[in-house]
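Chemist: Below you'll find the structure I mean.
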């Protein structure tokens, strides 16, 4: 029998906060005046855990979670705004790494930060593959280089170029044409000049999911952002890499080398390791265009 969401009436103080915070309104007051889950609405439960997190008496229970295993008490103090600004200001994309492996326990700590990441829908459908081995990363590069050579041929071909634009959409096409293509055409990624694809990174992390999985693109990008900050917090550096996912999605052999399931598509990857250089300054970019409606 499938476990059910419940409200322990012996513990419930009828504060109704769980009703207030539930984003899909699956909790209400029943005909007996008790706070309870609404049976006909439970199927749309997001399993976000907000009802459990707000309950001061641990009366509410989502079937998937337990208070002991899935919840922790929030710290009294948090990061104030200036500390937050100082932290994000010191983070930057790192593309030069020491010839030093990243310890597995460090990677595990970085991944643990995802336990607190938000998501759009179905978070469990996004998977992570980690290649924490420089030699194995290097073994994939010749095929990625070939993929980048093909990018140049495809964009230079008017017919294939139109097909790419139609199949991938204008955003992806413009990204390829205006950014990836010019660098590939000037042989920026040629291995004879060194590794300008993964930049000598000792570790590579790839988010991927079934092609039809709900919100998997947004979830992958949210998770990648959290991991970038976690990587920085551990004294490491990294940068997001879209070349590897594009190559994985186009070339079956590359997909197999990364052990990505055939029905999956790669979303984003992060290359990371110990920074080779220490920056003395950061770039303060122009403020984004803001439109106020009052």
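Read the figures in this text as sums done on the coordinates, not as results from a lab. Remember, it's a predicted structure, so these values are computed and weren't measured experimentally. Ideal geometry is used to build each Cβ from the backbone, glycine not excepted, and the neighbour counts take in all protein chains shown.
Chemist: Starting with the highest mean, order 85-92, 229-236 by the number of other Cβ atoms within 10 Å, averaged over the residues of each peptide.
Modeler: 229-236, 85-92
Chemist: When you take every Cα atom in segment 6-70, what is the radius of gyration, and what is Dmax, the widest Cα pair distance, in Å?
Modeler: Over segment 6-70's Cα set, Rg and Dmax evaluate to 10.7, 33 Å.
Chemist: Hey, fewest Cβ within 10 Å first, where do 114, 227, 34 land in order?
Modeler: 34, 114, 227
Chemist: Can you give the angle from 0 to 90° between the axis of helix 158-175 and the longest principal axis of the chain, with both taken from C-alpha atoms, to the nearest 10?
Modeler: 50
Chemist: For each of 135, 8, count neighbouring Cβ atoms within 10 Å of the residue's Cβ, then give the residues from fewest to most.
Modeler: Least to most surrounded, the residues fall as 135, 8.
Chemist: Counting pairs of alpha carbon atoms under 8 Å apart in space and at least six apart in sequence, what relative contact order in percent does the chain give? Each step should come with its number before you reach the end.
Modeler: Working: 388 pairs, mean separation 63.3, N = 294.
Relative contact order for the chain comes out at 22 percent.
Chemist: Return one number: the angle in degrees, 0 to 90 and rounded to the nearest 10, between the long axis of the Cα atoms of helix 134-156 and the longest principal axis of the Cα atoms of the chain.
Modeler: Compared with the principal axis, the helix lies near 70 degrees.
Chemist: Which whole-number percent is the relative contact order of segment 49-208 (Cα, under 8 Å, 6+ apart)? Kindly include the intermediate steps, with their values, before the conclusion.
Modeler: Values: 93 pairs, mean separation 53.9, N = 160.
Relative CO of segment 49-208 lands at 34 percent.
Chemist: Right, another one. Which shape class, rounded, prolate or oblate, goes with segment 112-179 when its Cα gyration tensor gives a ≥ b ≥ c as root eigenvalues, a/c under 1.5 marks rounded, and past that a/b bigger than b/c marks prolate?
Modeler: Values: a/c = 3.45, a/b = 1.42, b/c = 2.44.
It is oblate, given that a/c is not under 1.5 and a/b is not larger than b/c.
Chemist: Which whole-number percent is the relative contact order of segment 6-70 (Cα, under 8 Å, 6+ apart)?
Modeler: 40
Chemist: Please sort 261-274, 67-80 by packing, taking for each peptide the average over its residues of neighbouring beta carbons within 10 angstrom, highest first.
Modeler: 261-274, 67-80
Chemist: Distance between the C-alpha centers of segment 91-167 and segment 184-218? Whole Å please.
Modeler: Spelled out, the Cα-based centre of one part sits 3 Å from the other.
Chemist: Related question: For a distance above 21 Å, tell me the whole-number percent of Cα pairs in segment 78-294 that qualify.
Modeler: When every Cα pair of segment 78-294 is considered, 60 percent fall beyond 21 Å.
Chemist: Now for a different question. Name the shape class, rounded, prolate or oblate, that the alpha-carbon gyration tensor gives for segment 65-172, where a ≥ b ≥ c are the square roots of its eigenvalues, rounded holds for a/c under 1.5, and otherwise prolate holds if a/b is larger than b/c and oblate otherwise.
Modeler: Details: a/c = 2.05, a/b = 1.72, b/c = 1.19.
Prolate, since a/c reaches 1.5 and a/b exceeds b/c.
Chemist: Also, I was wondering about something else. Antiparallel as a % of all DSSP beta bridges within segment 78-294, to the nearest 5?
Modeler: Here the antiparallel bridges make up roughly 95 percent for segment 78-294.
Chemist: For the chain, modelled as a GNM with alpha-carbon contacts under 10 angstrom, which of 32, 178, 249 fluctuates the most?
Modeler: It is 32.
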